[in-house]
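Working notes, beginning with the structure itself.
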Amino acid sequence: MGAKQKAAICRICVYLGAAFTVGVLVLVVGYILIKGIPHLSPELFAWKYNSENVSMMPAIINTLLMTVLSLLVCVPLGIGAAIWLTEYAPRGSRLVKAVRMTAETLSGIPSIIYGLFGASFFVVALKMGLSLLSGALTLSIMVLPTIMRTTEEALLAVPDGYREGSFGLGAGRLRTTMKVVLPSAMPGVLSGVILAIGRIVGETAALIYTAGTVAQVPSTVFGSARTLAVHMFTISTEGLYMNQSYATAVVLLAMVLVINSLSAVIAKKLGGKNR
């Protein structure tokens with residue numbers, strides 16, 4: 001078999017893999033849209049939830065609050081850890097390797113384990129109870145390795161010539177990192193944030209144990225709250241509101257799509273400014 005035939009076979013395999021992936025995506029999204037769109041109604045967006053309207057509006061607001069609180073905690077910590085690993089810690093040291101291995105291990109832990117940890121530590125030990133804050137802190141720990149690893153890879157992708165040029169002009173390490181390296185790596189950093197947002201918005205298991213399932217917007221961060229994913233899980237397990245569950249899935253899908261699109265636009269603009 002010649003080189004051209006091997007290349008043709010590889011090309012066909014790539015096309016088949018891409019077509020299969022796109023087909024599965026279209027199948028899942030299409031099924032959700034077909035089952036959910038006909039059941040969207042104004043009652044589902046009422047400000048207060050009750051057993052008659054099964055409103056998802058409190059859950060939408062709680063999802064946004066949970067996302068913001070989680071990002072406020074995990075983004076600074078994740079970016080700071082990645083900066084230390086790439087810019088300050090000796091490259092190739094045992095400590096750096098241990099931190100990277102730990103982060104990769106934490107990324108593979110099931111979310112239910114994080115939920116049990118959050119329930120025992122934040123809810124019971126710290127006496128925060130089933131609350132928005134307990135859920136946000138648990139999700140922060142869950143997505144922290146993702147943000148840290150993606151930010152680290154983005155910083156490592158910045159050419160060393162940028163750093164050397166900044167040092168040659170008299171800038172210190174901190175100024176070089178904040179003014180030169182980090183802005184250049186910002187599109188990659190935002191990619192990690194997008195992945196974190198997707199996991200936060202779609203998380204269910206960890207929040208059931210830490211944030212609770214109360215279908216209302218809490219007055220404080222110490223109040224119990226259900227997010228949109230938990231809302232969909234709760235009403236679907238009851239078996240009485242399956243149509244509303246599909247409608248909630250449509251809204252959840254649209255929310256993730258909007259958030260990811262906005263983040264992609266911001267990353268593209270930042271990437272264009274730093275070229």
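General remarks:
- Options 41, 70, 51; residue that is hydroxyl-bearing (Ser, Thr, Tyr), on the phi < 0 side of the Ramachandran plot and open to solvent by 70 Å² or more (accessible area, probe 1.4 Å): 51
- Listed by first and then second residue, the pairs with beta-carbon distance under 7 Å, at least 6 apart or on different chains, first residue in the range 39-51 and under 15 Å from residue 240 (Cβ atoms) and of a type in the set (Ser, Thr, Tyr), second modelled with pLDDT of 85 or more and part of a loop (DSSP other than H, G, I, E, B), are 49/55; 49/216.
- Close pairs from the range 86-102: first closer than 21 Å to residue 174 by Cα and without any contact (Cβ under 8 Å) to a residue 40 or more places away in the chain, partner open to solvent by 50 Å² or more (accessible area, probe 1.4 Å) and of a type outside the set (Ser, Thr, Tyr), Cβ under 8 Å, at least 6 apart: 89/95; 96/90
- Scanning the range 144-155 for residues that are of a type in the set (Lys, Arg) and under 21 Å from residue 202 (Cβ atoms) turns up at least one hit.
- For the range 219-260, the set of residues classified as hydroxyl-bearing (Ser, Thr, Tyr), in a loop (DSSP other than H, G, I, E, B) and surrounded by fewer than 16 Cβ atoms within 10 Å (Cβ to Cβ) consists of 219, 220, listed by residue number.
- Residues in the range 157-172 that are under 15 Å from residue 91 (Cβ atoms) and either among the small types (Gly, Ala, Ser) or open to solvent by less than 30 Å² (accessible area, probe 1.4 Å) (or both): 157, 158, 163.
- Residue in the range 56-66 that is within 26 Å of residue 177 (Cα to Cα), surrounded by 16 or more Cβ atoms within 10 Å (Cβ to Cβ) and either touching a Leu at 6+ places or on another chain (Cβ under 7 Å) or of a type in the set (Asp, Glu) (or both) present: no
- When residue 158 is tested against the conditions (1) aliphatic (A, V, I, L, M); (2) part of a helix (DSSP H, G or I); (3) at pLDDT below 90, the lone failure is (2).
- Of all residues in the range 126-144, one or more are of a type in the set (Val, Ile, Thr), surrounded by 13 or more Cβ atoms within 10 Å (Cβ to Cβ) and touching a Cys at 6+ places or on another chain (Cβ under 9 Å).
- Selected residue [within 19 Å of residue 259 (Cβ to Cβ) and surrounded by fewer than 19 Cβ atoms within 10 Å (Cβ to Cβ)] from 199, 175: 199
The values are calculated or read from the model by the stated rules, or taken from the named source; none is laboratory data. Since the structure is predicted, the reported quantities are computational estimates derived from the model, not experimental observations. Cβ atoms come from the backbone with ideal geometry, glycine included; neighbour counts cover every protein chain shown. All accessible areas refer to the heavy atoms of the entire protein, side chains included, with ligands and DNA or RNA removed. Shrake-Rupley method; radii C 1.70, N 1.55, O 1.52, S 1.80 Å.
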